[in-house]
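Trainee: If you scroll down you'll find the structure; I have some questions about it.
Any read-out appearing in this document is the output of simple, stated calculations on the displayed coordinates, not a laboratory observation. Keep in mind it's a predicted model, so treat the numbers as computed, not measured. When we count neighbours, we look across all protein chains shown, and the Cβ atoms used for this are built from the backbone with ideal geometry, even at glycine.
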Amino acid sequence: MSGFIAGLCVAILPLLAAGFWLGRRTARPQNLGGLGTPVEHATFQTLHTASLAAPPLRAGLTEETARKSARRLRTLLGTDALCLTDQEQVLVWDGVGDHHRTEIMERLAGPLESGRGEAFRLTCDAPDCPVHWAVVAPLTVDDRVHGALVACAPRESAVLVRAAQEVARWVSVQLELADLDQSRTRLIEAEIKALRAQISPHFIFNSLAVIASFVRTDPERARELLLEFADFTRYSFRRHGDFTTLADELHAIDHYLALVRARFGDRLSVTLQIAPEVLPVALPFLCLQPLVENAVKHGLEGKTDKSHISITAQDAGAEALVVIEDDGAGMDPALLRRILAGEVSPSGGIGLSNVDDRLRQVYGDDYGLVIETAVGAGMKITARLPKYQPGVHSASRLTGG
Amino acid sequence: MNSNYAVPAVALVVVATVLVGAFGLRISRTTSDFYVASRTVGPRLNAAAISGEYLSAASFLGIAGLVLVQGPDMLWYPVGYTAGYLVLLLFVAAPLRRSGAYTLPDFAEARLASQAVRRLAGAFVVGVGWLYLLPQLQGAGLTLTVLTGAPEWLGGVIVAAVVVATVAAGGMRSITFVQAFQYWLKLTALLVPALFLVLAWQGDGAPRRAFEEPATFREQRIVRVDASLDLKLDAPLTVTVSGTVDGRPHDDQRLRLPAGTHRIEQGTRLTFAKGDRVPAADRGSNGGMSTSLAASREERPLYATYGLILATFLGTMGLPHVVVRFYTSPHGVAARRTTVAVLGLIGGFYLLPPVYGALGRLYAPELTITGDADAAVLLLPGRVIGGLGGDLLGALVAGGAFAAFLSTASGLTMAVAGVLTQDVLPTRGVRHFRLGTVLAMAVPLAASMLVGGLPVADAVGLAFAVSASSFCPLLVLGIWWRRLTPPGAAAGMLVGGGSAFVAVAATMAGFPGTGPLHALLAWPALWSVPLGFLTMVLVSLATAGRVPAGTAAILARFHLPEELREELREEVKA
């Protein structure tokens with residue numbers, strides 16, 4: 001009997017889940033009944049319709065976004081037909097009177113040029129055509145006309161002209177926001193590109209100097225180091241793809257450390273602890289090497305004795321956990337906070353803040369660097385890398401195997 | 001069975017698992033090791049890990065038990081469990097790896113760019129994971145009961161506690177090494193005793209009547225009936241009874257039972273003489289939970305066999321703990337090589353359980369009556385070889401059995417907990433993963449106490465059926481059909497997987513006891529898999545406008561080898 005009950009419970013679970021889902025889908029805040037006076041009610045309705053029309057437009061003015069928002073906008077204006085155009089063509093026509101498309105585009109040339117709205121009578125052969133007047137309100141972004149909103153009505157109405165202007169202005173604001181989003185994305189892309197070309201010039205000078213010092217005394221070693229240098233720079237100057245794998249990044253770090261070790265000799269020791277499961281994880285290109293470079297710098301800064309760096313990569317369920325730790329000079333947490341906030345520029349090299357920004361950009365704000373440090377207490381940097389993130393694919397083939 | 005050796009063996013396996021899990025990382029301190037430490041997992045190691053995680057209680061104990069009770073028909077189980085990887089190799093392995101997805105919900109999101117489908121896939125991962133965990137815990141309970149006489153629930157609780165503790169404490173840091181270790185442990189634990197058993201069988205004159213004729217007792221044997229059952233006798237039989245037979249109490253009396261069906265109550269002790277035929281036990285009519293799926297198999301053997309074949313062939317690709325291991329392969333080609341190696345490793349392993357089944361029919365035939373057929377593997381060494389050697393071999397088998405519970409249970413718990421943390425519980429973080437782990441284990445543990453009695457291999461078969469009806473269409477169509485749409489995928493998973501899930505729940509609840517409907521519900525794969533495919537195709541065609549943008553690019557990424565992609569990119573740049 002208890003088994004029957006258990007089975008029943010198991011059978012009911014999916015039903016409950018489906019019900020919950022349906023409930024979530026259907027529960028829309030349309031039910032505002034009983035909220036305030038009729039005027040307030042109407043205000044709420046208007047605001048709600050406007051808020052529904054906004055999200056598609058945030059992606060810019062295209063045929064698809066126009067189609068998604070046009071119906072809401074027509075509800076907002078309460079006209080028989082509404083049409084959104086860009087500079088060349090009608091993007092969407094919502095409502096009656098579809099046959100006026102070409103006529104509208106011909107008449108729009110003036111308003112699109114001048115950026116001023118107007119109302120005009122439509123010429124129509126069809127005797128039962130319900131729309132006779134069109135009100136044109138241009139959509140502008142940064143004073144440039146991107147398109148127009150056209151509301152069609154049976155008769156001329158000053159109210160409609162005014163309302164269309166207001167709605168057009170509101171749509172323009174959404175398009176401006178979309179523009180802003182786009183430029184922000186472009187800025188970050190540019191930043192990543194800038195960051196990529198930016199291996200520290202000091203590192204290049206120092207490496208070449210070290211290699212030069214070996215050329216006479218130990219030509220074989222010099223040759224090896226030169227090859228390491230070539231491998232590392234080839235990786236850093238790689239042009240394709242924004243992402244790499246943890247295995248490739250670790251190999252680049254290996255080349256980097258070989259060069260650093262040639263310079264500092266026994267003063268620097270490194271422990272590496274890697275769970276092989278996380279090696280195929282895709283991550284933004286060159287985002288761990290700067291952390292290691294930072295650890296090397298802090299570890300040897302102001303010290304004459306030995307320094308130790310440990311690099312661990314652990315498997316933590318759906319994430320990989322990378323920890324880079326040094327026992328060097330550490331840093332004042334307050335100063336570090338200001339560096340990460342971009343208020344103070346760090347002293348040369350690729351900054352921690354840049355890696356932090358890129359991780360947040362790719363994986364979301366939950367995935368920023370976690371840094372534990374104090375003056376004289378070393379520094380421990382933890383990065384969490386999700387094993388899967390939509391849009392993150394490593395562009396490289398894994399080496400080794 | 002002597003527990004003096006078995007309990008330390010089990011404890012040793014648990015400790016070894018925890019130690020390998022915690023310290024099995026590659027560590028390097030000098031530069032020259034760097035390359036070794038950051039070397040990716042090779043196909044052979046990864047294949048051993050996949051096999052270790054895959055070979056569960058059903059494989060280790062269940063198959064031998066089924067073969068013992070029902071004969072060679074049950075060899076379809078090991079065949080199906082292995083052949084599932086052939087399907088995986090042909091259709092899924094490399095594209096799945098190239099998709100970059102870590103879990104099945106990740107794959108759904110990568111392919112269909114839909115959060116709703118992702119969540120639905122997550123729900124099915126949790127469902128399949130729980131269904132699969134259930135028999136692991138039951139098997140552990142059974143093993144411990146056979147070894148020490150402990151109550152049935154204790155073994156499940158121990159496994160649950162160990163797994164939750166190690167997984168939640170981050171003790172599975174080097175899971176690949178743990179699982180690979182478990183595979184070789186399990187293989188050894190079955191192979192070594194099997195060699196000795198076969199030698200003993202040879203020394204016994206190699207009796208060959210395992211399957212041709214009904215099993216007989218080879219010596220006088222006392223059988224204790226733990227759950228009430230009906231005995232079907234073809235011929236009259238004389239036994240010594242202490243307990244209740246046909247409603248009448250007896251106390252150590254010799255009783256001649258005429259041919260026909262006799263009801264034996266719980267707790268009855270039957271003593272059979274040497275040479276007696278082993279009567280067939282019918283559990284179908286005792287109205288309880290322990291209705292074996294075998295009943296419907298006897299009625300419709302062909303249907304049941306095809307249902308089983310379809311479920312195991314197509315269900316393997318949807319097992320959440322198997323899919324995540326493929327992520328460890330560095331690229332698509334390595335994923336294929338890994339699968340080939342898995343086929344070899346698993347194929348080798350599955351040669352062994354049938355040996356135990358066949359020998360069990362000779363040497364421990366009373367297990368068909370007591371309903372503890374799953375214990376055949378554990379009991380045989382002590383029964384056939386005996387003495388210290390038998391005890392030691394028995395301890396080895398017991399250790400291997402616990403390795404089976406631990407490896408599969410920890411893999412499943414991690415997979416289920418991952419989905420719970422990522423898609424169900426509100427925010428992310430270490431503490432939430434721990435909460436997810438507890439939740440992932442608590443539900444099947446509670447269910448294993450409520451729902452008892454389903455044979456281990458059958459219960460696993462049900463998990464395969466749900467997986468085959470929900471994830472197989474999603475993966476196969478997702479990888480090979482460009483017109484799949486999010487609504488189509490969601491509908492297909494809901495209809496196919498949902499109907500299989502309801503059928504499983506009804507079967508577990510013991511509804512309806514017999515008849516054609518029971519057969520349909522007990523072996524749902526034969527109708528639910530085509531139903532899932534059909535729904536997915538039809539709904540996708542009906543919502544042709546919803547094909548996600550960028551499908552062509554995604555499919556190209558799934559199917560093009562990594563090097564080729566590199567070259568293409570270079571050409572585009574140039």
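Trainee: To the nearest 10 degrees, how steeply does helix B:3-23 sit against the main Cα axis of chain B, on a 0 to 90 scale?
Mentor: 10
Trainee: May I pose another question? Check which residues have an amide H placed less than 5 Å from A:Ala320's amide H, if you skip close sequence neighbours.
Mentor: For A:Ala320, whose amide H was placed from the backbone, the distant partners under 5 Å are A:Leu385, A:Lys387.
Trainee: Aspartates and glutamates within cross-link reach of B:Lys186: Cα-Cα under 14 Å, excluding same-chain residues under 8 positions apart?
Mentor: Reachable aspartates and glutamates: B:Glu53.
Trainee: Rounded to a whole number of µm²/s, how large is the Stokes-Einstein D of chain B at 37 °C and 0.692 mPa s, given Rh as the Kirkwood radius over C-alpha pairs?
Mentor: Approximately 133 µm²/s, per Stokes-Einstein.
Trainee: On to the next question. Between the DSSP loop rule and a limit of at most 15 other Cβ atoms within 10 Å, which trypsin sites (Lys or Arg not before Pro) in region A:234-299 are left?
Mentor: A:Arg239
Trainee: DSSP loop (so not H, G, I, E, B), at most 16 other Cβ within 10 Å: list which GluC sites (Glu not before Pro) in region A:85-189 pass both filters.
Mentor: A:Glu88, A:Glu156
Trainee: Please give the net charge around B:Ala101, taking every other residue with its beta carbon less than 10 angstrom from that of B:Ala101, where Lys and Arg add +1 and Asp and Glu add -1.
Mentor: With Lys, Arg at +1 and Asp, Glu at -1, the neighbours total +2.
Trainee: Also: Just counting partner chain Cβ atoms within 10 Å, what average do the residues of peptide B:326-333 show around their Cβ?
Mentor: The per-residue average across the peptide is 4.
Trainee: Follow-up question, since we're still on this one. Name the aspartates and glutamates eligible as straight-distance cross-link partners of B:Lys274: C-alpha to C-alpha under 14 Å, and not fewer than 8 places from it in the same chain.
Mentor: In chain and number order, the partners are B:Glu219, B:Glu366.
Trainee: A further question follows. Residue separation times 0.36 nm, minus the C-alpha to C-alpha distance between A:Glu220 and A:Ser51: what's the value?
Mentor: 53.9 nm
Trainee: Oh, and also: Under 17 Å Cα-Cα from A:Lys306, which aspartates and glutamates qualify once same-chain neighbours fewer than 8 residues away are excluded?
Mentor: A:Asp266, A:Glu293, A:Glu325, A:Asp326, A:Asp327
Trainee: Just to be sure I understand the model, the point goes 7 Å from the Cα along the line to the Cβ. What's the resulting A:Glu176 to B:Asn4 distance in nm?
Mentor: 8.9
Trainee: Tell me, what ³J(HN,Hα) does each residue in region B:381-395 have, in order and in whole Hz, if you take phi through Karplus 6.51 cos²θ - 1.76 cosθ + 1.60 with θ = phi - 60° and put x for Gly and Pro?
Mentor: x, x, 6, 7, 9, x, x, 5, x, x, 5, 5, 5, x, 5
Trainee: Would you order B:Ser99, B:Ser448 from fewest to most other beta-carbon atoms within 10 Å of each residue's own beta-carbon?
Mentor: Listing B:Ser99, B:Ser448 from fewest to most nearby Cβ atoms yields B:Ser99, B:Ser448.
Trainee: Then there is this: Calculated FRET efficiency, B:Ala542 and B:Thr238, Cβ-Cβ r, R0 56 Å, to nearest 0.05?
Mentor: 0.25
Trainee: Can you list residues from other chains, or at least 5 along the same chain, whose modelled amide H is less than 5 Å from the amide H of B:Leu237?
Mentor: B:Leu257
Trainee: If you don't mind, another one. Per-residue HN-Hα couplings for region A:243-253, Karplus 6.51 cos²θ - 1.76 cosθ + 1.60 at θ = phi - 60°, whole Hz, x for Gly and Pro?
Mentor: 10, 9, 9, 4, 4, 5, 4, 5, 5, 4, 4
Trainee: For the Cα atoms of chain B, what angle does the longest principal axis make with the long axis of helix B:498-508, in degrees from 0 to 90, nearest 10?
Mentor: 20
Trainee: Helix B:43-54: angle to the longest alpha-carbon principal axis of chain B, degrees 0 to 90, nearest 10?
Mentor: It works out to around 50 degrees.
Trainee: Further question on the same structure: Please order B:Val198, A:Val270 by the number of other Cβ within 10 Å, starting at the fewest.
Mentor: Going from sparsest to densest Cβ surroundings: B:Val198, A:Val270.
Trainee: If you don't mind, another one. Which value, in debye to the nearest 20, gives the size of the charge dipole of region A:200-386 about its Cα centre, when Lys and Arg are +1 and Asp and Glu are -1 at the Cβ?
Mentor: 580
Trainee: Let me ask you something else. For the residues B:Val20, A:Val136, what sequence is obtained by ranking on other C-beta atoms within 10 Å, fewest first?
Mentor: Ordered from fewest to most neighbouring Cβ atoms within 10 Å, B:Val20, A:Val136 come out as B:Val20, A:Val136.
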